[in-house]
Structure formats: structure tokens, C-alpha cells
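Beneath this line is the structure, given in C-alpha cells, with notes to follow.
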Amino acid sequence: QVQLVESGGGLVQPGGSLRLSCAASGSIFRANAMGWYRQAPGKQRELVATITNSGSTNYADSVKGRFTISKDNVKNTVYLQMNSLKPEDTAVYLCYTAYAIVTYWGQGTQVTVSS
């Protein structure tokens, strides 16, 4: 069993930055992938960014060039650096980690981009 705890969300003005963290209770070294989804009111859950165990990354078109995903295998933590934030980035951001036969999810952290 792996527990994921997100942090770093909050209220930020358009154009601002936030860094989300997702700390895992267990080792992420053998995870196939980790990443972030987001869920905005009235919208479908959207995959934001993924990083594989080899370090390959993938991003939604809507965040390319603005968001960066990274991980620290020693700290068992994945990060999402979000720059140039827009109001449409407002959502609950959920962290996940995927192993061969199971995927774990965090509870989510709210990101609100508003002036």
C-alpha cells in the first residue's frame, strides 16, 4: 500500500507560479510512472503530466512549455512546477503512481488562478 500526499496548491494571480509536491509513503523506484491529473468543475479529468521510471516525460498540450514534472527517488516525491498560470488552470490537482498491477491516488490539492 502506498499513500500519496499532495501539497503546494493555493491561490495565485494569472501569470504566477506554484510548485506542487506529491510525497509517497513507500518507494517510487519501481513505479512504472507517476504524474498529475486535474479535475475542474463540470469538466472531465485531464492528464496533465507524466514521468516514467526512466525519466521520460509527457505533457498535455495545454501545459507544454509552462509546466515541468520531475521526481526525486530518494525523497519518494514527484513535483509539478507550474509557471505562467492561467485562470483555466484552476482545478483540483491529483497525483498518481502506477505500478504493474495497481495505481494509487492522492486526495488532491486545489489550485486557483484568479486576480
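The values are calculated or read from the model by the stated rules, or taken from the named source; none is laboratory data. Everything numeric in this text was worked out from a predicted model, so none of it was measured. As a convention, Cβ positions derive from the backbone with ideal geometry for all residues, glycine included, and neighbour counts pool all protein chains shown. Only protein heavy atoms, including side chains, enter the accessible area calculation; ligands, DNA and RNA are left aside. Shrake-Rupley method; radii C 1.70, N 1.55, O 1.52, S 1.80 Å.
General remarks:
- Any chance residue 11 is in contact with a strand residue (DSSP E or B) (Cβ under 7 Å, 6 or more places away or on another chain) and exposed (fewer than 13 other Cβ atoms within 10 Å of the Cβ): yes
- In segment 78-91, the residues that are touching a residue at least 60 places away in the same chain (Cβ under 8 Å), part of a strand (DSSP E or B) and not aromatic (Phe, Trp, Tyr): 80, 81, 82
- Qualifying positions in segment 60-73 - touching a helix residue (DSSP H, G or I) at 6+ places or on another chain (Cβ under 8 Å) and surrounded by 15 or more Cβ atoms within 10 Å (Cβ to Cβ): 63
- Index of the failed condition, residue 40 passing every other in (1) open to solvent by less than 60 Å² (accessible area, probe 1.4 Å); (2) under 18 Å from residue 79 (Cβ atoms); (3) among the aliphatic types (A, V, I, L, M): (2)
- Taking the criterion of being under 18 Å from residue 74 (Cβ atoms) and open to solvent by 20 Å² or more (accessible area, probe 1.4 Å), the residues of segment 43-56 that qualify are 52, 53, 54, 55.
- Each residue in segment 74-93 was checked for being surrounded by 15 or more Cβ atoms within 10 Å (Cβ to Cβ) and closer than 19 Å to residue 54 by Cβ, and 5 of them qualify.
- From the options 43, 71, residue that is part of a loop (DSSP other than H, G, I, E, B) and of a type outside the set (A, V, I, L, M): 43
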